[in-house]
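*Asks:* Below you'll find the structure I mean.
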Amino acid sequence: MQIYLDNAATTALDKEVFEAMLPYLQEHFGNPSSIHSFGRKTRAGIESARKTIAKSLNVSPSEIFFTSGGTEAINMAIRCAIDDLGIKHAITSKIEHHAVLHTLESLENTGKIKLSFVKLDKKGHIDLVQLEELLSSNEQSFVSLMHANNEIGNLLPIKRVGELCEKYKAIFHCDTTQTMAHYKMDLKSFHVDMVNGAAHKFHGPKGIGFLYVSSRIKIKPLIYGGSQERNMRGGTENLYGIVGLAKAFEVAIRDLDTHHAHVQGLKTYMIEQLKKNISGVDFNGDAEGSSLYTVLNVLFPPTENAEMMLFNLDIAGIAASGGSACTSGSNQGSHVLKGIGSDMNRPSIRFSFSKYTTKEEIDFCMSKLKEIFLVKV
Ligand SMILES: Cc1ncc(COP(=O)(O)O)c(C=O)c1O
């Protein structure tokens, strides 16, 4: 038995998505920039994909730019906004993804910006009062705060942050990698300037994503080259990736209500089972409050074989993570858990679910966890 509970790292490709991509891997191979019929066919595929995404987010297709994934979209958002809009101050939090943190830190190190970190409470929620203080006491700021944290799942009050950014004329980038296509989003009602997505987080292919840039702001490219993406991102397009991204988006939004209810049900069930069966169990983040339904980060009681837990689960066929994908196998390196002051001497494991996860799989995982903790209890 193999059980995949690491869907925040990446998700399995949906069969419908694979089928939509196939013609673009086989017969439709023209370069979308070519003006002949082969190129026109693939250009149409790309523009139709752009429209699908734009429509679902209630934005204009001209505000969507395809990228190689979440990381590139985030680099583009941050670097271009700071370079092209003359911004000298940025606000973020200590628990952002490294794509955000390392990009901002590199800009701080070269003296381009002053970087401020907004305070977090124990559950990883940002201090809105301090955010307002930071916004009001600095000249125009660039704000990058994530919609849902990939390790602990806590959700940002995105509308409230957007309102504050609007009040102080700050540019607001929200890393929506974990929430894109997991919630219905009307970006026009959010006062957000830039958001990003990556197809592999919602059953699409890897290596393709996008950045939404509001028409309110004018930035230059991050990657220079040909005139692709209306001169905003050079390079021949990842055609089948783009087609797969749009199909994955369409399928996710179409079935969202059913899958949301199913996955939230599994998360709630696992929380109940953990509390019932493992004494001293806790959760990192705000698992039972404002939290992404696909992620559950469990803080287990101290155990002698703490560092072996993920390994033992893996041997039992259960794939989970110690934090984010890059720190799999250990929570020692998790800047997120450190950032919220979690007890680093206790083992933390992130279980993350998808529409394909079943109750039987949670039961099997629970039986293995009980075995591990019987040693102690
Ligand atoms: C919150 C968040 N931001 C950014 C990324 C980076 O996305 P990608 O791996 O597609 O570049 C991830 C992926 O783990 C993520 O979870």
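The values are calculated or read from the model by the stated rules, or taken from the named source; none is laboratory data. Quick caveat: nothing in here was measured; it's all calculated off a predicted structure. We place every Cβ from the backbone using ideal geometry, glycine too, and count neighbours over all the protein chains shown. SASA here: full protein model, heavy atoms, side chains in, ligands and nucleic acids out. Shrake-Rupley method; radii C 1.70, N 1.55, O 1.52, S 1.80 Å.
*Asks:* Which value in nm describes the separation of the simple spin-label points at ASN58 and GLU27, placed 7 Å from the Cα toward the beta carbon?
*Replies:* For ASN58 paired with GLU27, the spin-label model returns 3.9 nm.
*Asks:* Could you give each residue of the stretch 151-160 its phi-based ³J(HN,Hα) in whole Hz, using Karplus coefficients 6.51, -1.76, 1.60 with θ = phi - 60°, and x for Gly or Pro?
*Replies:* Whole-Hz 3J(HN,Hα) from phi for the stretch 151-160: 9, 10, x, 5, 9, 8, x, 4, 5, 5.
*Asks:* Output ³J(HN,Hα) for the stretch 56-66: one whole-Hz value per residue in order, computed from phi by the Karplus curve 6.51 cos²θ - 1.76 cosθ + 1.60 with θ = phi - 60°, and x for Gly and Pro.
*Replies:* 5, 8, 6, 10, 8, x, 6, 9, 10, 10, 7
*Asks:* I would also like to ask the following. So how strong a dipole does the chain carry about its Cα centre when Lys and Arg Cβ are +1 and Asp and Glu Cβ are -1, to the nearest 20 debye? The partial results should precede the final answer.
*Replies:* Details: 41 positive and 41 negative charges, 148 e Å.
For this selection, approximately 720 debye.
*Asks:* Still on this structure, please answer the following. When the expected Rg is taken as 2.2 N^0.38 Å, what fraction or multiple of it is the alpha-carbon Rg of the chain? Present the calculation step by step, with values, prior to reporting the outcome.
*Replies:* Values: Rg = 21.2 Å, N = 377, 2.2 N^0.38 = 21.0 Å.
After normalising by residue count via 2.2 N^0.38 Å, the value is 1.01.
*Asks:* A follow-up question, please. Using the Cα atoms as the points, what is the convex hull volume per residue of the stretch 8-85 in Å³? Numbers along the way, then the final one.
*Replies:* On the way: hull volume 11.1 nm³, N = 78.
Dividing the Cα hull volume of the stretch 8-85 by its residue count gives 142 Å³.
*Asks:* Shifting gears a bit: List the residues, sorted by chain then number, that are 5 or more residues from ASP175 or on another chain and whose placed amide H is less than 5 Å from its amide H.
*Replies:* Correct list: LEU145, MET146, HIS147.
*Asks:* At R0 = 56 Å, how high is the FRET efficiency between GLU16 and SER137 if r is their beta carbon distance? Nearest 0.05 is fine. Show your work: numbers first, answer last.
*Replies:* Numbers: r = 50 Å, r/R0 = 0.90.
The formula returns an efficiency of 0.65 here.
*Asks:* Output ³J(HN,Hα) for the stretch 67-73: one whole-Hz value per residue in order, computed from phi by the Karplus curve 6.51 cos²θ - 1.76 cosθ + 1.60 with θ = phi - 60°, and x for Gly and Pro.
*Replies:* The phi angles translate into 9, 7, x, x, 4, 5, 4 Hz.
*Asks:* Shifting gears a bit: May I ask you to compute the full-extension gain from SER106 to ASN345, defined as 0.36 nm times their residue separation minus their alpha-carbon distance, rounded to one decimal in nm?
*Replies:* 83.0 nm
*Asks:* Right, another one. Would you mind checking which residues have amide H under 5 Å from ASN284's amide H? H placed 1.01 Å from N; only 5 or more apart, or other chain.
*Replies:* ASN297, VAL298, LEU299
*Asks:* Once you have all Cα-Cα distances for the stretch 220-377, histogram them in 10 Å bins from zero and send the whole-percent values.
*Replies:* Taking all Cα pairs of the stretch 220-377, the binned fractions are 10, 31, 27, 18, 11, 3, 0 percent.
*Asks:* Continuing with the same structure: Would you mind working out the accessible area per residue for the chain, using a 1.4 Å probe, and quoting it in Å²? Mind showing how you got there, number by number?
*Replies:* Details: 15750 Å² over 377 residues.
Per residue, the chain has 42 Å² of solvent-accessible surface.
*Asks:* Where is the GNM fluctuation largest for the chain (alpha-carbon springs, 10 angstrom cutoff): VAL59, VAL336, VAL129?
*Replies:* VAL129
*Asks:* Leaving out ligands, DNA and RNA but keeping every protein chain, what accessible area does PHE364 have, in Å² rounded to the nearest 10, with a 1.4 Å probe?
*Replies:* Its accessible surface works out to 50 Å², give or take rounding.
*Asks:* Quick query: amide H of ILE91 versus all other amide H atoms, modeled in the peptide plane; which residues come in under 5 Å with a sequence gap of 5 or more or a different chain?
*Replies:* Correct list: SER116, PHE142, VAL143, SER144.
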